Structure formats: C-alpha cells, structure tokens
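Structure first, then comments.
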Amino acid sequence: MGSLEEPTSATKSLECAKKVRPLVKEMYARAHEAKKQGRPVAYCMVMSQYDEILRAMDVTPIWTENYGGLCATKRDADRFLAKADAEGYSMFLCSYATTGIGFDALRRELEEIPADAPDGGMAEPDMLLGSSAMCDPRYKWYQALGRYKDTPIYNIDVVIPPVDAELGEIRDYYIKYQVEEIKGLVAFLEKATKKKMDWERLNEIIDLSEETNRLWRECHQLRKAIPCPMPAEDHFRTFVPGRFWLGTQEARDFYREMRDELKYRVENKIGVVPQEKYRLLWGGGLPPWHTMKLFNYFGALGAVFVRETAYIPYESVDIPPLVTHPLERLAYRAFGHFTYRYEGSRKGCGNPHVQLILDWLDEYKADGVVMHQVMTCRATTIGQTHHRQLIQKYVKLPVMFLESDIVDVRTYSEEQTRRQIDTFLELVDSYKTANGC
Amino acid sequence: MASRLAGVKELYENRIRRAEDLRLSGSKIIGYLCCFPPIELMTAIDLVPCRITGDIKEQVTRGDAYLETLMCPYIRSCFDLAVKGKYDFLDGLVVPHSCDSVQRIYDIWKYYAKPAYSHFIDVPHMTHTASIEFFKRELERFKQSLERYAQKEISPENLVQAIHLHNENRALLRELYRFRRHNPPLLSGVEATQILIAGMTLPAREYHELLKSIIPEVAARKELPGEEKPRILIYGSEIDDTGFIELIEQCGADIVMDDLCTGTRQFWHDVELGDDPLEALACHYLMKIPCPRTYKPRTGTHAEDLENRFGYLKEYATEFKVEGVILYIIRFCDTHGFDVPDVKDYFEAMGLPILYLEEDYAITAPERLRTQVRTFIDLIG
C-alpha cells in the first residue's frame, strides 16, 4: 500500500487539466453557498440524463460519486468506509456509495460535517435524485440514506435497451418511457422548488450541452496524433466539466480552451512523455482514484494512454427534426448515446463495447489494452474477461487487468501492481516486435 | 402407498434428468433466470419454463475462464454449469434485467453457451405508472419473440388459462406453506425447498398435480407428535439447494417461513386478472415481487418507509410465529446488500433476533456455519 505521505495524484500534462481541481473545489463551495442562501441543493448521480434539468431549475447539484473519488484521491475515505462497515454495509458494495453513506452516517452522529472532510464535505441536500442509469447502487444508495435523513427522494429509470433488440421495434416506447421518467422528475422539482420549469431556457441549456459535447469529442479526436498530446491521467481529470458541469458556460468554455491547447500540442508535436514507446487504451472499468500516480508510472516507462472507454462525451445522435420539446431531445439523446454502436457492432464482433475498443485500437494506433477490475463495481467490471477474449480473437494485442478498487485500498498492493505493469509493458514490447512495429 | 414427498425428494435431486426426459419426449424447454420472466407466457404457448439454478456443491471451474470473481457467485455457478454442458438440453434462454449481474450475464451466456433461442426482458426498476406501461410493452415484445420461436400465436384465451393455472399453483403452494404455521411445522424447510426447486423445472400442469397430491400427505401429519424448536424465517435471494437449510434444521431449529427469490417471492401473490392479461402480468411482476431490485418510492419518515417496504415481513413473522431471522446474503449482491441494515432495523424493532450471514453461494466451511447457527439458536432458545 502506498504511503500516505506520498502524493497519490498523477502529474498532469495539459495546462487545462491543472484548472480542474479548482473547479471541483468550486462545486462543493457552490453547494455550501447555495445552502447558506436557502437555494435548493440536490445529491445527484452522473449520466442520469437530468443535468440540464437541474441547471434550468437552478438546483445546485452535488455529484456524490465524485465525492467518493475525491476522498480516494485524498486517501481520506477510510473513516467513511469504516463507518459504513460499522453500520452494516458490506465492504463489497459500491465504494462510492459506502463512502457517501459513511460520510452521511458520521454527519448524523456528529451533528456536523466530519472534521476536515475533503473540500469542506458535501452540503446537506434538500433532495436526493437517484437513477437506475448504468448500475443498481445508484438508486439503492439514496434509499439507504433514509436511515440518516428524511430528505425527499426521487429516483428515475434510465433505460438502456438490450443489445440484440431491433431498435426500430423498441425506439418509440423506450423514448416515451424516458420522457415520462424525466417528466416525473420535473414535476417533483417543481413541487420541491415551488418554481415552474422554463422550457425555453431548458432548450437553450441543452443547446449549450450539445456544443460542449461536440468540443469535448473534438478534443478526443486530436488524441489520435502521434505523439499523443494528452494522457489518461488528464482525461480522468478533464471529464469533470463534461460530467459535473454539463449545461454551463464554464463547461463549454473549458473544452474550447482544451481543444485549442490540444491543437497547439498536436501542431507542435508535443507529446506526454519524451519518447512515446507504447500507446495504450483504457478499455474497461473506472480508474483507481486512490493511486492515480500509477498512470505516471506507465508514462515513466514510455507508455501513454490515448483513449478511455470510461467517462466519454455523449455521442452526436440524429434527432428527428420534428422533435423539439426539450424532454424528447433528452430522451432521444439518451437512446442514441446508448445504442449508436449496436447496429455497427452486428457487422463486426457483435459486442458494441468491444467493437468500440477494436475501432479505437485501429484509429488511435494503440498497442495494448488495460482494464481495471474494480472490486466493488459490478457494472464496469463484469464482462471484462469476455471482452479480453473477444478483443484477442480479432487482434493480436496484449490486454492487462489491473486489480484494485475505485476507492478502497484495503486489498490493494502498489508494489504488486507496478510489477504487473512492468511485465505487461514487456509483453507489449514483444508484441510490437512480433508485429513488425 | 408410496410417499409423495419421498418422490419429491427424488424429483428434486434428479430434476435436470427429468427436464432432459421431457425434452426427449418432444417438449421445448426454456431456461430462465430469476423470478421476473412471466412464466405464464411460456406455458401459454406450450413451452416448458425451467428455472436455471446453480450447484452449490460444484466448484466453478470452466466459468472462471469467462467471468470475474467479484460478481454474483450464484450467477457464476449457473453459468459455469452452462459452459460445462449441463444445460445443453435447454432450447432457449430468457434473462430479465433484474440486477447488474443478471443483466450482464445475458450477452456472455449467449456467446459461450449459444442457446438456439434467447430473449432479454428489460424490467424497469421504478414503479411509476409509466413503468408499468413500459414493462407491458416489453412483455408484448417477449410474447412476440416467443411466438416467432414457437411459430404460433399466444391467444388471449390461452394466456388467461395459463395465468389461472399458475395462480392455482401459487394458491396450492400457499396452502402447503400454511402447514408450516403449526408448532412444530408439518412441513420442514428442507421439504419445502425440495418442492419449490423441483417445481421450477416442471410443466405447470404436472406441478399442479404434484402439489395437489402432496397436500393431503402433509395434512395427515397433524396427528403425529413432534418437538417444538426455535422458529426461523430466512431472508435473502437464491437458495436452490437444501444443504444450507438442512444445516440449520440439524442444528435444532425449524425454518418455518422465507422471503427468498426461490421461495415466497414467486407465489405469495396471485396475478390479478383484469381485462388485459399482459397488463396483469406487468403489474404482478413489477409490483408484487418484493425483491430489493425494484424501487418502492419513499413514503413519509424512515419508519414509514420501512413499513412500506417491509411490512409484509411483519405479517410473515406474526402468521408463522417466527422467533428468529437469518439474513442469508450472497456476496457482491448490491441490491440486497444495501437493504441489509434497514431489514435488520425492521426485524429488530419487532424484537426478533437476527443472524446475518454473507456467503459465497458455497458451504465451504460448514463447521464455522454450524457454530454460528448453533450459537444463534441457543440465543433464541
């Protein structure tokens, strides 16, 4: 296990990446400020399709999963995890959730925010907005918080169609359901905030989000350059505006600036490491927030991550011109984002996630894939072993599994992980030689 | 006359062979996971629904090559059996979106076990009015998929008939469970498990006849003397093997009631038929199965919320004169895991002692378990 005295964060390459930490601090500060001024504050889950709704209703979000990651990077999650353990929550449950539950259980016990909580802790929410997007803990977590607070909850379904469904058969009722679910949330918010939704404003915010996502996608396209101008350690920081500030000018401006910085780096062939020997793809799992400096270790050995499958921008999807109501736009975006790879993958390997990896391996000229088997995250870990087999059926490239957690370091060994990385990069090297690169 | 219950034991132990025989005799067998696929639709089109179970006694070996260890060990066991060829007799596979592990196994199962027919049912997690409408559409899609596979239609009459038949089976199971209210219970936990697990692989009509034949035999036990023991309710997800139940009963307790996916959750309520049988199924499977994967909106205070979510457990405990509760949670189960402290709170508020076990769907350390269970029983006794 890494020493607490050593920094756990990765060194950043982009100037833009260095501007993210203040944005994170600002998120928590804004929530405290809103609370002080009596404005509504909500606990939220990423990818729940309601970011723009919150902005339009002037609800200040606290992204509770982010707080788990933040505590991990500060190596200050143990006291929250221990509290959740003591309350009866298994250590194998999502550790974002157990960190958050532990934090709220301690707050309840102490009757104040636990001392020196990272970034001043999470402000007391006025509402809990969960969802079923991507995984089960996202709606179970806030339900569990009922033990510690009587805060009103609204959980919505975010439906992701099965991969083998005929999209034409299901599109209408999936979108209709998504619209109804978001509509239910709007009604809840209107009641909670005593304020009516301004649909025109919501449409404008969605426009802003689309522009943000377009710029963000452009940034990633620039990473195809050799040498790669931006590594994973920067991606796992610069996703913050896209995931936690979506629907704001700040997010749009951030990616515009980042796009310009990346363009400059590409034009001037400024890479991440002095000699880019290996280009890698992050192909599954969320990052080990507790030890992000591991990415620098890859870098020290000449390896750069050129693309990641986690925390990616929304894809540009075709929305029929007649669809203009903002809720329908959001529902179409969700359906499109979750399914845009389905039909293409049927012509390829049959698995949309793996097809994306195969496409990116080619487009980004990557030499290997790293996945993170996250002890407490079923959603991003189940299937990785299958994905590795499928990848290697189509390309002769090595795939590595890192094994740890997003937050919990109790079963993590840094020395062992570094040895694994050494071995993996030797393998990447031998594959490259064998492939004549 | 030979004991029907002894026959059930044999059926339970040889249920796979029985299903294989059915297939050899021309039936089409559709395997399904969890208790969310509406089996009525399969019965209505003369397909035999066969609940896929794991094998607690068999180590996962081949499945390790394809699945991570940090997922539901029960699903890993089911999949391991499939890639070992033990489910080769199945003609098809139906998987519901019940939880993350089950949802994600679908593509992997299809890829490696290659069922001739497969279908995924997207079950909403919410219970809003729109959720029922959405689920009904999903069941319509499932119905059409079965019709394409079987190359015939499910008529409304056949569907209603199938719903009636399964409701009758549910009623018979409830009748059998009522014998467990006696002290000592007339039906042991082991016997109840055998009946339930054997029944999950039988055609509905055959199960119906079996249940009808068992009831008089159990009822006749009223005349037999017996020893009163601590009365246990078991709460959790999947228990598809008598091993663990037997261990508890051998330690000196009676398991008199359950809240399990393989137990009461499947049959405690009937499908309430109205004008639209698909809507009835959607309402039933979404609203009446108290699995923690289905979110019940918060009502009022925390205490009121617990009452809303777990009130049925109080009814079970009262009706079955429960004296202690064993929470048997399969490791890596997020949906049950997040409910554990709330369920414990609820039972404790009723004054019931609790033994919490988080297990790997294996009895790898029976002595440890026995010690834990005995200590718990002593506490109640």
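Throughout, read-outs are computed from the coordinates displayed, never taken from laboratory work. Everything numeric here is computed off the predicted structure, so don't read it as measured data. Note: ideal-geometry Cβ built from the backbone for every residue, glycine included; neighbour counts use all protein chains shown.
Projecting each Cα onto the charge dipole of region B:11-163 (Lys/Arg +1, Asp/Glu -1 at the beta carbon, about the Cα centre), which of B:P37, B:H125, B:C50 comes out farthest on the positive side?
Positive-end residue among those listed: B:C50.
Counting other C-beta atoms within 10 Å, which of B:T301, A:T339, A:T291 has the fewest, and how do the rest follow? Write out the running numbers ahead of the final one.
On the way: B:T301 11, A:T339 21, A:T291 24.
Ordered from fewest to most neighbouring Cβ atoms within 10 Å, B:T301, A:T339, A:T291 come out as B:T301, A:T339, A:T291.
Name all residues of region B:140-182 having a backbone nitrogen under 17 Å from the label point set 7 Å from the Cα of B:K222 along its Cα→Cβ direction, giving them as ranges.
B:175-182
How high is the FRET efficiency from B:T129 to B:E319, r the C-beta distance, R0 22 Å, rounded to 0.05?
0.10
What is the order of A:C16, B:C34, fewest Cβ neighbours within 10 Å to most?
A:C16, B:C34
What dipole magnitude, in Debye to the nearest 20, does region A:165-256 give about its Cα centre under +1 on Lys/Arg Cβ and -1 on Asp/Glu Cβ?
260
Please rank A:M57, A:M127, fewest neighbouring Cβ atoms within 10 Å first, as an exposure proxy.
Lowest count first: A:M127, A:M57.
If you wrap a convex hull around the alpha carbons of region B:7-154, what volume per residue comes out, as a whole number of Å³?
Convex hull of Cα atoms, per residue: 121 Å³.
Using all alpha carbons of the protein assembly as shown, what is the percent of pairwise distances in each 20 Å bin, ordered from the shortest bin to the longest?
Final binned percentages: 15, 48, 31, 6, 0.
For region A:181-194, what does the Karplus curve 6.51 cos²θ - 1.76 cosθ + 1.60, with θ = phi - 60°, yield as ³J(HN,Hα) per residue in whole Hz, taken in order and with x for Gly and Pro?
With the stated coefficients, region A:181-194 comes to 5, 5, 4, x, 5, 4, 4, 4, 5, 4, 5, 5, 9, 6 Hz.
Could you name the lysines whose alpha carbon sits less than 28 Å from that of A:K12, not counting residues in the same chain fewer than 8 places away?
Leaving aside lysines fewer than 8 places away in the same chain, those within reach of A:K12 are A:K25, A:K74, A:K224, A:K263, A:K269, A:K277, A:K293, A:K365, A:K432.
In whole angstrom, how far apart do the alpha carbon centroids of region A:87-121 and region A:137-172 sit?
Centre-to-centre distance over Cα atoms comes out at 23 Å.
Counting partner chain Cβ atoms within 10 Å of every residue's Cβ in B:232-244, what's the average?
Shielding by partners across B:232-244 averages 0.
For helix B:277-287, report the angle its Cα long axis makes with the longest principal axis of the Cα atoms of chain B; keep it between 0 and 90° and round to the nearest 10°.
Taking the Cα atoms of chain B, the angle to B:277-287 is about 40 degrees.
To the nearest 0.05, how large is the calculated FRET efficiency for B:K152 and B:I215 if R₀ is 35 Å and r is the Cβ-Cβ distance?
Calculated transfer efficiency: 0.55.
Rounded to the nearest 0.05, what FRET efficiency do A:V323 and A:E169 have when you use their Cβ-Cβ distance and R0 = 30 Å?
In this case the efficiency is close to 0.95.
Hey, can you grab everything whose amide H is under 5 Å from the amide H of A:M127? Only 5+ residues off in sequence or another chain; H modelled, so Pro and N-termini drop out.
Residues meeting the criterion, in which the H sits 1.01 Å from N, are A:V41, A:Y43.
Which residues among region B:349-371 fall inside the zone where the amide N is under 20 Å from a point 7 Å beyond the Cα of B:T61, along Cα→Cβ?
The answer is B:361-365, whose backbone nitrogens lie closer than 20 Å to the label point.
Taking each residue of A:169-176 in turn, how many C-beta atoms of other protein chains fall within 10 Å of its C-beta, and what is the average?
3
Determine, at each q value in 0.13 (inverse angstroms), the log₁₀ of I(q)/I(0) that the Debye formula gives when each Cα of region A:37-124 is one equal point scatterer.
Result of the Debye calculation: -0.44.
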